[in-house]
Number of protein chains: 2
Amino acid sequence: MTTFDVIAFDADDTLWHSESLYAAAQEEYRRLLAAYAETEVIDRVLHKTEMRNLPAYGYGVKGFALSMIEAALELSQHQISGSEVQQVLDLAKRMLSTEVELLEGVAEVVAQLAETYPLMLITKGDLAHQEAKIEQSGLKPYFRSIEIVTDKTPQSYAALLARHHIEPLRFLMIGNSLRSDILPVLEIGGQAVHVPYAITWAHEHVDVPPDQQGRYHELERIGQLPALVEQLNH
Amino acid sequence: MTTFDVIAFDADDTLWHSESLYAAAQEEYRRLLAAYAETEVIDRVLHKTEMRNLPAYGYGVKGFALSMIEAALELSQHQISGSEVQQVLDLAKRMLSTEVELLEGVAEVVAQLAETYPLMLITKGDLAHQEAKIEQSGLKPYFRSIEIVTDKTPQSYAALLARHHIEPLRFLMIGNSLRSDILPVLEIGGQAVHVPYAITWAHEHVDVPPDQQGRYHELERIGQLPALVEQLNH
């Protein structure tokens, strides 16, 4: 008998690159607005705008695009030109059409674990974009179920596990975000493996949990996951 | 024994008003761009832009907002001002913050049918916005399950029914859109009730199916639904 009934993965920055696309877009955005404001001001106003709009827009590229346009209007005091707005739209479209690029080791690890465990994918963001990325990734056949959620909170994980009749203690979540993938899962009694991504969005920074250490694991690379799962089974 | 194992409802323009918000926004959009183009040209360019972006953006207000901005750039030959772009953003934000308004009879019909049948809600659009509207509607407790999908095709309905172990013949779908709620359900062998909304988005216009008439029903108002369901049980 194994320790886990289900192993679940986050998608963006756990299975494939995502934050690097946002970072590259923001880099271009800074260049585009360099005539209107300093880099730090651009970053601060964009972040503030994103945070303010998050409850209405949710996560994902479309909301980011709308926030980039709104912040550009504020930063330029409405002096931004039509063709500059067009360039912001083009940035967003390029993000949406960029081919999914799997992180190193992901294809092998997912295929290997799928032989023994029902796998689940739990991701937040734009429905259409997430579905397109899942299709493109080639990983879809390995996942027993795919859940696209608006936010990852203890409540949303608890509801999801209840719907699938999964006991939290027998649930393992893998992800790059302490805030979204690790802390809420630990809070409801699940186990979690943190695999940090090279870049972390400012919004996702939180402190490591001081308690619940027994159910918390950290790996440098996802390639180390099968060995950890094997070890937790003993 | 009843004829149906599950009764499913579309949400936008079936349970609550939605298209009327898009129509009102488009009316304001025309006024905003009146200096740059004729109404018909505005409508044509906006519709063309929406259709071109649909595969990347999916359904919902955020994609509509990005398409409105893109079409405004085209219609004004990039001459649109920053404060006009701001007004388009404001239009979208107003759409997202408008309180849900249920259609007449919906609250009673849903409560009544939930006493006998497991109800399901199947809707497409922005994840965050749809969830907010479901919460606001007050109808959430009546639905056994809520499915937010990127598109409503025979394939997506078939996958959804298989996942819930529902036989198509014992599935009844209620909706305002022939294209999204009725035809694909008839195609996979389900039953469907068309309750037209006062306004139909151009994209959703299709012909009534000539065959499959036995599993197709049409009502003028959703208030007539419990009587129809009762009748189909005999």
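What follows draws every value from the coordinates through simple rules; no lab data is involved. Note that the structure is predicted; figures quoted are calculated from it, not measured. A quick note on method: Cβ atoms are made from the backbone with ideal geometry, for glycine too, and the neighbour counts reach across all protein chains shown.
Here are some notes:
- Percent of Cα pairs exceeding the 30 Å cut-off, where the set is chain A: 29
- Principal semi-axes of the equivalent ellipsoid, √(5λ) from the alpha carbon gyration tensor of region A:1-78, are 34, 14, 9 Å from largest down.
- Kirkwood-Stokes translational diffusion coefficient of the protein assembly as shown, alpha-carbon pairs, 37 °C, 0.692 mPa s, µm²/s: 137
- Between the helical axis of A:127-137 and the longest alpha-carbon principal axis of chain A there is an angle of about 60 degrees.
- Shortest-first nm distances, A:Ser145 label point to equivalent points in other copies (7 Å, Cα→Cβ): 0.8
- Of A:Lys140/B:Lys48; A:Lys152/B:Lys140; A:Lys48/A:Lys133; A:Lys48/B:Lys93; A:Lys133/B:Lys140; B:Lys48/B:Lys93, those spanning more than 25 Å from alpha-carbon to alpha-carbon: A:Lys140/B:Lys48; A:Lys48/A:Lys133; A:Lys133/B:Lys140
- Counting charges near B:Ala34 (Lys, Arg +1; Asp, Glu -1) among other residues having Cβ under 13 Å from its Cβ returns a value of -4.
- Each stretch of four or more DSSP H residues adds -39500 (n - 2.57); spread over every residue of the protein assembly as shown, this sum gives -14000 deg cm²/dmol at 222 nm.
- Sorted from nearest, the other copies put their A:Ala34 label points 4.2 nm away, the label point being 7 Å from Cα in the direction of Cβ.
- For region A:29-125, a/c is not less than 1.5, where a ≥ b ≥ c are the root eigenvalues of the C-alpha gyration tensor, and a/b tops b/c. That puts it in the prolate class.
- Within the shell of other residues whose beta carbon sits under 15 angstrom from the beta carbon of B:Pro168, the net charge comes to 0, with Lys and Arg scored +1 and Asp and Glu -1.
- Each other copy holds its own label point for A:Ala23; taking that point as 7 Å from Cα along Cα to Cβ, the gaps run 4.9 nm, nearest first.
- Largest-first principal axis extents of the Cα set of region B:90-168 (Å): 44, 29, 17
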